[in-house]
Amino acid sequence: MASDIPQLAQVIAGQFKQGEPYTSTVTLTTKGGANFLSFAKTNQFNNDLYDGLVAQALKADLIAETWRRGSEVPLGCSLTYH
């Protein structure tokens, strides 16, 4: 299986993306032709996933229930979308 999906084998071995860019936005297309946006971030992205990445990319305000990790991630009150 590791030879079929080398990226998965790297993650299992503890090897993962470090450094910039700290986020990734990719359009995924289903077999039926529907498009989805996939959002990902590394632990070095010093912002909330929804507030700092998803809402800004979609240019829309969001309602999302999430759990903050204490004060590690600052609130992005100066951002255009929340």
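The values are calculated or read from the model by the stated rules, or taken from the named source; none is laboratory data. Keep in mind that what you see is a predicted model, and the values were worked out from it rather than measured. Virtual Cβ from ideal backbone geometry, glycine too; neighbours counted across all protein chains shown.
Figures for the structure shown
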read-out: Where Ala9 falls short, out of the listed (1) loosely packed, with under 11 Cβ neighbours inside 10 Å; (2) over 20 Å from Lys59 (Cα atoms); value: (1)
read-out: Within region 36-65, considering residues that are touching a helix residue (DSSP H, G or I) at 6+ places or on another chain (Cβ under 8 Å) and of a type in the set (Phe, Trp, Tyr), the one modelled with the lowest pLDDT; value: Phe45
read-out: Residue pairs meeting the criteria (Cβ under 6 Å; at least 6 apart or on separate chains; first hydrophobic (A, V, I, L, M, F, W, C), in region 5-31; second outside any strand (DSSP E or B)); value: Ala9/Ala2
read-out: Inter-residue pairs, beta-carbon under 8 Å, first closer than 18 Å to Thr23 by Cα and among the charged types (D, E, K, R) and in region 49-78, second modelled with pLDDT of 90 or more and surrounded by 10 or more Cβ atoms within 10 Å (Cβ to Cβ), 6+ apart; value: none
read-out: Members of region 1-18 that are assigned to a loop (DSSP other than H, G, I, E, B) and among the polar types (S, T, N, Q); value: Ser3, Gln15, Gln18
read-out: The lone exception for Val73 - which of (1) modelled with pLDDT of 90 or more; (2) within 17 Å of the chain's Cα centre (by Cα); (3) on the phi < 0 side of the Ramachandran plot it fails; value: (1)
read-out: Count of residues meeting criterion [assigned to a strand (DSSP E or B) and surrounded by 10 or more Cβ atoms within 10 Å (Cβ to Cβ)] in region 19-49; value: 7
